[in-house]
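Shown next, in structure tokens, is the structure this report addresses.
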Amino acid sequence: EELKKKVAKPVFRAEKFICLCITEPWAGSDVANIRTTAKREGDYFIVNGAKKWITNGVWSDYFTVLCRTGGEGAKGLSMLLLEKTMPGIEVRHMKCMGMWASGTSYITFEDVKVPTSNIIGKEGKGFLQTMYNFNHERWGLIAQANRFSRVCLEEALTYALKRRTFGKPLIKHQAIRMKLAEMARKIEASHSWMELVTYQLQTMSKKEQNLKLGGTIALLKAQSTKVFELCAREAAQIFGGASYVRGGVR
Ligand SMILES: Cc1cc2nc3c(=O)[nH]c(=O)nc-3n(C[C@H](O)[C@H](O)[C@H](O)COP(=O)(O)OP(=O)(O)OC[C@H]3O[C@@H](n4cnc5c(N)ncnc54)[C@H](O)[C@@H]3O)c2cc1C
């Protein structure tokens, strides 16, 4: 509760920034095998390790870090709140192909002294907390992928109405209309599924959501992102060479 008071308000007001540090250079999908350690010394944990691919890392004041406080496997993990002001934290901006604004970072922790009161939730429950959080985080990514897919469709349609080849607008060519119809069909199907899951998230208790919705939400994330992949490819085909420049097609 103390941590919530201190951190949640300024973060929700966008006065402070926070990031979620799970992935490491040696463990991504396999969350239970992360290696960053937090060893208890009196009233402190001493944190050592590295985290990779951390969205918002370079802009963050707070770091929610999954650490190994116990033995091997999922049961030895706990979640700690680290603060930018704590000595021993180094954040480096990674040079990525895209998503430049998200400040993807490589973060190292060297003997960072963290008060034991900075534990989030309960010691040894970090793995479960991480998994439960994925339900909401994935919902956000599902909505984002669906919206990006629509942008591809809208922009491709606008371009197809304007661009002329072989004496007529692109939209008059059946092969182009097929691409647009295929994109729309998949976007609408994913959107309907998203509405269903959103209703379930709003009407089930947190406990019931955690028990019943994990698998469905993971499948829907795969669905929405695959549809986005298809829409990006088909839109790029409709734009032709114009899809290959950073400046856009307008
Ligand atoms: C832009 C971006 C932002 C990110 N933001 C964050 C963040 O904010 N916080 C954070 O903690 N992490 C973040 N990540 C990391 C992301 O969660 C990991 O990249 C992801 O978990 C996969 O881990 P990995 O890259 O180590 O791949 P690996 O786990 O090494 O997997 C490599 C490939 O093998 C596949 N694979 C793995 N295991 C199996 C298996 N058993 N069977 C079949 N295939 C398998 C994977 O699907 C993947 O395709 C981000 C990543 C990116 C690219």
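The values are calculated or read from the model by the stated rules, or taken from the named source; none is laboratory data. Being a predicted model, the structure only gives us computed values, none of them experimental. Cβ atoms come from the backbone with ideal geometry, glycine included; neighbour counts cover every protein chain shown. Areas reflect the complete protein model, heavy atoms only, side chains present, ligands, DNA and RNA absent. Shrake-Rupley method; radii C 1.70, N 1.55, O 1.52, S 1.80 Å.
The residues neighbouring GLN144, those whose beta-carbon lies less than 13 Å from its own, together hold a net charge of +3 under the Lys/Arg +1, Asp/Glu -1 convention. Within the chain, the cysteines lacking any other cysteine Cβ closer than 4.7 Å to their own Cβ are CYS19, CYS21, CYS67, CYS96. Excluding PRO10 itself, what net charge comes from residues whose Cβ is under 11 Å from its Cβ, given Lys and Arg +1 and Asp and Glu -1? Result for the local shell: +3. For LYS84, the aspartates and glutamates whose Cα falls under 15 Å of its own Cα, not counting residues fewer than eight places away in the same chain, are GLU15, ASP61, GLU110, ASP111.
Here the Debye sum runs over all C-alpha atoms of the stretch 128-244 as equal scatterers in vacuum, and log10 of I(q)/I(0) at q = 0.14, 0.23 Å⁻¹ comes out as -0.62, -1.16. Centroid-to-centroid, using Cα positions, the stretch 84-125 and the stretch 198-250 are 27 Å apart. Per-residue accessible area (protein heavy atoms, 1.4 Å probe) orders ASP30, ASP61 as ASP30, ASP61, starting from the largest. For the stretch 16-139, the C-alpha radius of gyration divided by 2.2 N^0.38 Å, with N the number of residues, is 0.99. Estimated at the nearest 10 Å², the accessible area of THR116 is 30 Å² with a 1.4 Å probe.
State, to one decimal in nm², a quarter of the convex hull surface area for the C-alpha atoms of the chain, i.e. the direction-averaged projected area.
15.9 nm²
The Cβ shell under 15 Å around MET86 holds other residues with a net charge of -2, Lys and Arg each +1, Asp and Glu each -1.
Return the whole-Å distance between the Cα centroid of the stretch 128-160 and the Cα centroid of the stretch 1-55. Taking the Cα centre of the stretch 1-55 as reference, the centre of the stretch 128-160 is 25 Å away.
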